[in-house]
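Worksheet for the structure shown next.
The values are calculated or read from the model by the stated rules, or taken from the named source; none is laboratory data. None of the values given here were measured: they were computed from a predicted structure. So basically every Cβ, Gly included, is an ideal-geometry build from the backbone, and we count neighbours across all protein chains shown. Side chains included, ligands, DNA and RNA excluded: accessible areas come from the protein's heavy atoms. Shrake-Rupley method; radii C 1.70, N 1.55, O 1.52, S 1.80 Å.
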Amino acid sequence: MVPAAPASTDTLLPLLAALIQQALALPPDRLPAQRDTPLLGAVPELDSMAVVSLLTALEDRFGITLDESELSAETFSTLGSLGDFVSAQLAR
Amino acid sequence: MQASLPRVQALYLQAPAGPMFALHHAPAPAGVTPRAAVVFVHALAEEMNKSRRMAALQARALAQAGVAVLQPDLHGCGDSSGDFVDARWPLWLQDVACALAWLQAQHPGAPLWLWGHRAGALLAAQALHAAHGGSAVAGLLLWQPLARGDDALRPWRRMQQVAGLLAGRPPAASLAPATGSGAAATSPGMQAAGYAFHAELLHALQGVQLTPPPAAALQPARPTIWLDLHDPGMPAPTVAPAAAAAWAAAGPLHHASLPGPAFWRSTDIDEVPALIDATTRALLQACPPRHA
């Protein structure tokens, strides 16, 4: 598939930040809606159970089924890398 | 209407697999003839825990409306005997039958209902079969039922895979085998998030679907109340779930999807008053007041 253009990831960033905050019960505005906002390693609440709950929240919100075989640890390194993954899935 | 505390009784039933913990909510006011008697069939593992609050609120609301409610903990779950690794689907069916028999004995003549949540809905649907002691059940209440048992296992397999990813293992190596083909009883079970699923339970879950029992001759059609929640950020689904058609053919079906959080898996303990209200209203509509 054609890789998602950065523009579509950028429009997703505020929504993703909000979804992560909600899924992890973080205070609002905890995660700046920017590409380089660090996630894995920088957000202690983001453990494996939280990742699963976030994947499910993404599926519910966008009405899609995410393919775990396309995940890597890098997917969750920043808000931008997660955004790229989600916009690529949405583009299918 | 006298102002009184709700009457809740904690007890152990003698289920075939061992002592089964249950909470009995007596219908209010004291001495009233219950409109119905409902056995709650809880969700699986962590979903059960996260749903305790909603289940308690609903049971209380039903009791206040004159409905008796029994909340048993299935074998290996909650406060019942056994460890989760000892849980088996056939034992759980026996647990539900035991709960139904006990509740009917407490409230003779009251229409018996099964109320299943998530994977518990699958168990409740199977418990309706005459072979599992379900002939006497007058109606079925479903909260967010899973269409297939395998849907209950996907989050657990995903959890294993993600845990492996974060620990630096490549995806293929972190996938635990679910069942071996033709060797289900001897293939390994599954361990995730502190829960140990025995291979037999996995195998049973993979084989179960949300289908109504075959219609028995001379049996009054059982009503089904089916309530789902959808993400409030999404519009309500315009199409009924695929499995609903079979239930609509088996008897009167009331299906609705309300906006609300997926409380059985949310990080916070969420309450959804709209679901409590809708459930109570639908059940009372299906179960008119009775006089002894």
> How many of the residues making up the stretch A:68-87 are touching a Lys or Arg at 6+ places or on another chain (Cβ under 9 Å) and either facing chain B (nearest Cβ under 10 Å) or surrounded by fewer than 16 Cβ atoms within 10 Å (Cβ to Cβ) (or both)?
Replying inline: 1
> Within the stretch B:123-137, restricting attention to residues that are assigned to a helix (DSSP H, G or I) and free of Cβ contacts under 8 Å to residues at least 40 places away in the same chain, which residue is least open to solvent (accessible area, probe 1.4 Å)?
Replying inline: B:H132
> Within the stretch B:277-292, how many residues turn out to be open to solvent by less than 30 Å² (accessible area, probe 1.4 Å) and over 16 Å from B:R118 (Cα atoms)?
Replying inline: 5
> B:N49 fails exactly one of the following numbered conditions: (1) open to solvent by 10 Å² or more (accessible area, probe 1.4 Å); (2) more than 22 Å from B:D151 (Cβ to Cβ). What is the number of that condition?
Replying inline: (2)
>> Can you find, within the stretch A:27-65, the residue that is farthest from the other protein chains (Cβ to nearest Cβ) among those that are surrounded by fewer than 17 Cβ atoms within 10 Å (Cβ to Cβ) and aliphatic (A, V, I, L, M)?
In response: A:A33
> For the stretch B:257-292, how many residues are within 14 Å of chain A (Cβ to nearest Cβ) and among the hydroxyl-bearing types (S, T, Y)?
Replying inline: 3
>> Here are the criteria: (1) of a type in the set (G, A, S); (2) in contact with a Lys or Arg (Cβ under 9 Å, 6 or more places away or on another chain); (3) closer than 17 Å to B:Q14 by Cβ. Tell me which single one B:S81 does not satisfy.
In response: (2)
> For residues in the stretch B:188-236 being within 14 Å of chain A (Cβ to nearest Cβ) and loosely packed, with under 15 Cβ neighbours inside 10 Å, which is farthest from B:A262 (Cα to Cα)?
Replying inline: B:Q191
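So that you can scan it fast, the table gives a plain yes or no per residue for (1) at pLDDT below 90; (2) within 18 Å of B:L166 (Cα to Cα):
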{"site": "A:P14", "(1), (2)": "no, no"}
{"site": "A:R30", "(1), (2)": "no, no"}
{"site": "A:L58", "(1), (2)": "yes, no"}
{"site": "A:S72", "(1), (2)": "yes, yes"}
> Within the stretch B:143-165, how many residues turn out to be aliphatic (A, V, I, L, M), surrounded by 20 or more Cβ atoms within 10 Å (Cβ to Cβ) and at the interface with another protein chain (Cβ under 9 Å from one of its Cβ atoms)?
Replying inline: 3
> So which residues in the stretch B:237-272 are open to solvent by less than 50 Å² (accessible area, probe 1.4 Å), aliphatic (A, V, I, L, M) and assigned to a loop (DSSP other than H, G, I, E, B), if there are any at all?
Replying inline: B:A243, B:A262, B:V272
>> Residues that are within 26 Å of B:K50 (Cα to Cα), within 14 Å of chain B (Cβ to nearest Cβ) and either open to solvent by 20 Å² or more (accessible area, probe 1.4 Å) or touching a strand residue (DSSP E or B) at 6+ places or on another chain (Cβ under 6 Å) (or both): does the stretch A:3-16 have at least one?
In response: yes
>> Tally up the residues in the stretch B:19-72 that are in a helix (DSSP H, G or I) and at negative phi, please.
In response: 18
